[in-house]
Amino acid sequence: MKVGQAMSNQFQLKVAEKEEDFLKDLAGLIGIPSVQTNPKEKSHSLAYMLNLAKRDNLMTQSFSGQLGYIELGNGEETLVLFGHLDVSPCLKGWQTPPFELVEKEDRLYGCGVTSDKGPTLAAYYSMVLLKEMGLPIGKKIRLIVSTHKDLASPEQLATTKKWSIASKTSPNEWLSKKELLSQIEQFAKDIYQLVKK
């Protein structure tokens with residue numbers, strides 16, 4: 001059963017309300033040069049994500065600064081989401097600073113905006129939406145956040161559902177701001193359908 005129009009409108013309004021916060025948090029995450037070959041900055045990116053969750057009063061757990069999770073809700077069953085914060089080395093030819101979120105004509109540029117920092121933060125914000133809207137949740141939602149895309153990947157997890165946005169080729173990685181914000185709304189709707197009481 002799909003989310004009704006009234007609730008869909010509520011999700012849309014909540015995303016609009018959170019847009020400024022989301023873009024600020026995304027800028028902070030993009031600003032961390034968490035290249036695959038830089039363990040210190042990869043750990044920094046994980047700490048950044050977990051601190052967002054602590055700020056928003058969500059439960060967190062970290063494992064050696066390489067892997068962590070953010071959790072919402074209660075229940076015997078758990079819906080697992082997965083995201084990674086490491087990025088590939090930036091190729092030459094960027095027309096904007098790769099580790100700076102730049103908006104041009106509704107396009108968001110930055111290393112990781114499509115894979116996988118943008119989608120990971122969108123999934124996180126969908127959890128925040130569900131929490132703040134006070135919707136009845138009958139299962140736990142766990143967002144596993146990794147600093148290596150192959151560490152605890154969805155294929156290694158028994159029960160995983162992941163939504164992703166197709167990556168574009170660097171340099172000048174970009175994603176439409178409207179598209180990324182709409183992903184928060186869609187993630188929230190999809191997740192709610194799977195965990196509602």
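Residue count for the range 62-78 under the criterion of being more than 22 Å from D190 (Cα to Cα) and in a loop (DSSP other than H, G, I, E, B): the result is 3.
Count, please, the residues in the range 79-132 that happen to be in a strand (DSSP E or B) and either out of contact with any Phe, Trp or Tyr (no Cβ under 9 Å at 6 or more places or on another chain) or aliphatic (A, V, I, L, M) (or both).
8
Scanning the range 48-59 for residues that are surrounded by fewer than 16 Cβ atoms within 10 Å (Cβ to Cβ) and hydrophobic (A, V, I, L, M, F, W, C) yields a single hit, M59. The residue that is surrounded by the fewest Cβ atoms within 10 Å (Cβ to Cβ), among those in the range 8-38 that are closer than 27 Å to K149 by Cα and without any contact (Cβ under 8 Å) to a residue 24 or more places away in the chain, is K24. Here K139 fits the description: basic (K, R), touching a residue at least 40 places away in the same chain (Cβ under 8 Å) and under 24 Å from Q10 (Cα atoms). When we screen L101, L175 for residues that are more than 20 Å from L13 (Cα to Cα) and at pLDDT 95 or above, the only hit is L101.
Name the residues in the range 63-73 that are farther than 15 Å from H84 by Cβ and surrounded by fewer than 17 Cβ atoms within 10 Å (Cβ to Cβ), would you? Within the range 63-73, S64 is the sole residue that qualifies.
The values are calculated or read from the model by the stated rules, or taken from the named source; none is laboratory data. In this text the structure is predicted, and so the values were computed from the model without any measurement. Backbone-built Cβ (ideal geometry, glycine too); neighbour counts: all protein chains shown.
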